[in-house]
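Please read the structure below before turning to the comments.
The values are calculated or read from the model by the stated rules, or taken from the named source; none is laboratory data. A quick note: this is a predicted structure, and the numbers were derived from the prediction, not measured. FYI the Cβ positions are ideal-geometry reconstructions off the backbone, even for glycines, and counts take in every protein chain you see. Accessible surface areas use protein heavy atoms only, side chains included; no ligands, DNA or RNA. Shrake-Rupley method; radii C 1.70, N 1.55, O 1.52, S 1.80 Å.
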Amino acid sequence: MYCCLSPVTPSTYAHFIAAAPAPTHTDSITSINMTALSKMLAVREYVAGQVGAFDERYKETSPARVVGTTLAAAYVLSKLYAVYEDGVGDAAEVWKETFFRYLRKYCGGLLGYQKGIDEAKVSFLKEFTEKQAPVKAAHEALPEQGLEREAVLSLCKEHASINSDYMGGQYSGSIYHGGMEGYTEFINEAMAMHQWTNPLHAGQFSGVRKMETEVISMVVKMFNGTEECCGAMTSGGTESILLAMKAYRELGRLEKGITRPEIVVPVTAHAAFDK
């Protein structure tokens, strides 16, 4: 369509301005959408140009090489991300530890690491077998026929004779036998009363639940805890440390936003802190 206008005069201009509708909110949205669309088209054109340039540059490269390089790069990036997620402490120490771990894993034979590990295994086995009392053949698989009661007790006595004389003392941090006359019999008697209970079913074994609650209450009072304090029975020191660290980790994450916590302990700390 063609439109023919006479020369514009001030009066004609004023007439058109007065007759033209004022811009509305819809017009503003349309203008914004058009701007966004033009930017998207510009980005699309740029990406298409870069893809075309990439294809032109590597058009002679074999597909297998492209796929292999992509997979290798993805693997390396995933390992680097895993190191970033799992790494604790100084970043340089984390990268150094990771570097030497992979060096030992993939180049251990060439660098002599594997030889040192094999020698350590031989030395370890030799040390324990020399100190161990002679025993009968080991049972490496379930017997075809079950053993009688006396045979089982005989095996238990045989294995007990292999143990060191831990009742004589000179052991640190491993045995807590009480050292009192008749203490073992006392513990055995108490254990026999609850041998087949299962704390997992607290409703069925109310007595076990009551004992667990009382022990937790005693420990809370030892540490001057309040009524809001709670606890749980564990299988030993290692599990107790792991659960305590997990509780502090979750507390820091949920209430303080700590996503990469640190543990400050001396080098003499329990091995469970490393776990």
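For the range 210-258, a residue qualifies if it is within 18 Å of residue 271 (Cβ to Cβ), at pLDDT below 90 and of a type outside the set (Ser, Thr, Tyr), and the qualifying residues are 236, 237. Given the criteria in a loop (DSSP other than H, G, I, E, B) and either among the charged types (D, E, K, R) or closer than 24 Å to residue 172 by Cα (or both), does residue 262 qualify? Judged against the criteria, residue 262 is a match.
Report whether or not residue 166 is open to solvent by 90 Å² or more (accessible area, probe 1.4 Å), more than 30 Å from residue 264 (Cα to Cα) and modelled with pLDDT under 80. First the steps, then the outcome.
Values: open to solvent by 90 Å² or more (accessible area, probe 1.4 Å): yes; more than 30 Å from residue 264 (Cα to Cα): yes; modelled with pLDDT under 80: yes.
Here the answer is yes, as residue 166 does meet what is asked.
The C-beta contact set for the range 31-60 (first residue surrounded by 10 or more Cβ atoms within 10 Å (Cβ to Cβ), second residue modelled with pLDDT under 75, distance under 9 angstrom, 6+ apart or interchain) comprises 31/23. Answer yes or no as to whether residue 81 is among the aromatic types (Phe, Trp, Tyr) and either closer than 30 Å to residue 273 by Cα or modelled with pLDDT under 75 (or both). For residue 81, the condition - among the aromatic types (Phe, Trp, Tyr) and either closer than 30 Å to residue 273 by Cα or modelled with pLDDT under 75 (or both) - is met.
Considering 71, 125, 103, the condition of being under 30 Å from residue 264 (Cβ atoms) and either modelled with pLDDT of 75 or more or exposed (fewer than 10 other Cβ atoms within 10 Å of the Cβ) (or both) is satisfied by 103 alone.
Taking the range 212-232 as the region of interest, how many residues are in a helix (DSSP H, G or I) and open to solvent by 90 Å² or more (accessible area, probe 1.4 Å)?
Residues in the range 212-232 being in a helix (DSSP H, G or I) and open to solvent by 90 Å² or more (accessible area, probe 1.4 Å): 3 in total.
Yes/no per residue for (1) open to solvent by 100 Å² or more (accessible area, probe 1.4 Å); (2) modelled with pLDDT of 75 or more; (3) assigned to a loop (DSSP other than H, G, I, E, B); (4) not β-branched (Val, Ile, Thr):
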| site | (1), (2), (3), (4) |
| --- | --- |
| 130 | yes, no, no, yes |
| 150 | yes, yes, no, yes |
| 158 | no, yes, no, yes |
| 161 | no, yes, no, yes |
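Going through (1) open to solvent by 70 Å² or more (accessible area, probe 1.4 Å); (2) at pLDDT below 90; (3) part of a loop (DSSP other than H, G, I, E, B); (4) under 30 Å from residue 163 (Cβ atoms) one by one, residue 196 falls short only on (2). Of the numbered criteria (1) touching a residue at least 12 places away in the same chain (Cβ under 8 Å); (2) surrounded by 10 or more Cβ atoms within 10 Å (Cβ to Cβ), the one residue 275 fails is (2).
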